[in-house]
Amino acid sequence: MFDLILRHCTLPDGRTDIDIGIAGGRIAAVQPALAGEAAEQIDAAGQLVTAPFVDAHFHMDSTLSYGLPRVNQSGTLLEGIALWGELKPTLVQDAIVERALAYCDWAVARGLLAIRSHVDVCDPRLLATEALLHVRERVKPYLDLQLVAFPQDGVLRSPGALDNLKRALDMGVDVVGGIPHFERTMADGAESVRILCELASERGLRVDMHCDETDDPMSRHIESLASQSVRLGMQGRVAGSHLTSMHSMDNYYVSKLIPLIREAGVAAIANPLINITLQGRHDTYPKRRGMTRVPELMAAGVPVAFGHDCVMDPWYGLGSGDMLEVAHMGLHVAQMTAQEAMRACFAAVTDVPAAILGLEGYGLAPGCRADLVLLQARDPVEAIRLRATRLLVLRAGKVVATTPASAATLRLEGRPDRVDFRI
Ligand SMILES: [Zn+2]
């Protein structure tokens, strides 16, 4: 006896006509022609059922603040940081909570049920930290929010930042962050990586640093991060976010670096929408794309996820919590157009970030929590192509969001009266 059976599902791994039985909020069976009763049955009609989308890199303390107090004119990372610095003193906790909750509503509607968000701890009041810890509890029934203590202004460069960061961890923030390329010197950046990795190691926490988010081919903090990961035995618990300088690095150096990242068990998180927008701003033509070397890292066995990073904030004025839009951009920027490569882009917003976050009970196997998304698409490639409608979103076996199927009605003589963009 099941609470719910989803019938005739296609799964991201290519299996078709699979039934998924759900009992007690968990997946109880995944097999063809599942026998048994259920209180409710839903016909997926051969469409794709996936575990939910996961965003490995986001900033929920600044989301939906676009235009406050003004818009980023140059479009650069540095003006974004300066603009955020103007906004920070005026932030009110209730407003941060309201905006974060509103974003989580968008996320759930998009089938995005787990987010790793950095939270800026360079504020002695730790207002945003308190706000997002509150939000983490509020959304827990429907969304896993993992928080990273992020010293936006540099843990060494900003007075008091290390103490604030430790206080944030004491308050229950999950992961240690950093921003070595924003420290005053390359040496300070390396020192910040050492201090922060040791702090994480002592506390048994994961690490996720903004790392080398520049177009400088000589910015090499990922080397320090990998080296510290090896030294401290933190393989599998460390992520380097952005790594955009790798786009501009010398190829010979990269041929040494990528195996080091692999050896260190460090994951890479690219943020295609933001990287293609912020990087290359000092270039004339040709303009660099700036995204890290995604297919090369993947080929070497490094886990690579795509993050959204920003939605309507000082750095980016667009976005709607749609991880398929993120995968779509990543695919284009990395020129990952082979069928297998496009499927890897889907994994980069589902399975891979789930592993980077260390999510418990994530997946489509029996025993996993019944968090599922039914898409209006027949496979992961079609899902990316159409940024497919999330027909149904389940959290622990309960429907938490629905969206009507997307189709256009035509009024053309001798032509079909309806198109949904599938051949
Ligand atoms: Zn970021």
Query raised in the report: Farthest toward the dipole's positive end in the range 172-249, which of G189, A239, P217, given Cβ charges of +1 (Lys, Arg) and -1 (Asp, Glu) about the Cα centre?
Result: A239
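Determine the gain in length on full extension of the stretch A187-K140; use 0.36 nm per residue of separation and subtract their C-alpha separation, reporting nm with one decimal. Don't jump to the answer; show the numbers that get you there.
Values: separation 47, 0.36 × 47 = 16.92 nm, distance 3.99 nm.
Taking 0.36 nm per residue and subtracting the Cα distance, the gain is 12.9 nm.
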Query raised in the report: If r is the Cβ-Cβ distance from Q41 to Y285 and R0 is 60 Å, what FRET efficiency results, to the nearest 0.05?
Result: 0.55
**Report entry** Mean ellipticity per residue at 222 nm, deg cm²/dmol - from DSSP H runs of n ≥ 4 across the chain, formula -39500 (n - 2.57)
**Finding:** -10000 deg cm²/dmol
Query raised in the report: With +1 on each Lys and Arg Cβ and -1 on each Asp and Glu Cβ, how big is the dipole of the range 237-304 about its Cα centre, in debye rounded to the nearest 20?
Result: 120
Requested in this report: Under a 10 Å cutoff between Cα atoms, tell me which one of D313, D170, D61 has the largest fluctuation in the Gaussian network model of the chain.
Outcome: D170
Requested in this report: Pop a pseudo-label 7 angstrom from the Cα along the beta-carbon direction at both E202 and T76 and give the gap in nm to one decimal.
Outcome: 3.6
Query - Mean projected area in nm² (Cα convex hull; one quarter of hull surface) for the chain - result: 22.2
Report summary line: Expressed as a whole-number percentage, the relative contact order of the chain with C-alpha contacts under 8 angstrom and at least six residues apart is 18
**Report entry** Coil-residue trypsin sites (Lys or Arg not before Pro) of the range 103-189, DSSP, other Cβ within 10 Å capped at 12
**Finding:** R125, R184
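Treating the beta-carbon of each Lys and Arg as +1 and of each Asp and Glu as -1, no other charges, what is the dipole magnitude of the range 1-82 about its Cα centre, to the nearest 20 debye? Don't skip to the end; give the middle numbers.
Values: 4 positive and 10 negative charges, 42 e Å.
With only Lys, Arg, Asp and Glu charged at Cβ, the dipole is about 200 debye.
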**Report entry** Calculated from backbone phi, Karplus (6.51, -1.76, 1.60) coupling profile of the range 32-49 in Hz, x at Gly/Pro
**Finding:** x, 6, 5, 7, x, 8, 8, 4, 9, 10, 10, 8, 6, 6, x, 8, 6, 10
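How would the range 225-270 be classified by its alpha-carbon gyration tensor: rounded, prolate or oblate, with rounded meaning a/c under 1.5 and the a/b versus b/c comparison settling the rest?
Working: a/c = 2.67, a/b = 1.52, b/c = 1.76.
Note, shape of the range 225-270 comes out oblate.
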Report task. About the Cα centre of the chain, how large is the charge dipole given +1 on each Lys and Arg Cβ and -1 on each Asp and Glu Cβ? Please answer in debye to the nearest 20. Result -> 380
Requested in this report: Figure the gain on full extension for E86 and E413 (residue separation times 0.36 nm, minus the Cα-Cα span) and round it to one decimal in nm.
Outcome: 112.0 nm
Report summary line: Exposure proxy check on S62, S255: fewest-to-most Cβ neighbours within 10 Å is S255, S62
**Report entry** Extension gain, V399 back to A95 (0.36 nm per residue minus Cα-Cα distance, nm)
**Finding:** 106.6 nm
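Could you list the GluC sites (Glu not before Pro) in the range 35-95 that lie in coil according to DSSP, counting only those with at most 10 other Cβ atoms within 10 Å of their Cβ? Present the calculation step by step, with values, prior to reporting the outcome.
Values: sites: E37, E40, E79, E86; in loops: E37.
Filter output for the range 35-95: E37.
Coordinate-derived values only; no laboratory data. Owing to the predicted nature of the structure, the values given are computational and were not obtained by experimental measurement. Every residue, glycine as well, gets a Cβ built from its backbone with ideal geometry; the counts of neighbours run over all protein chains shown.
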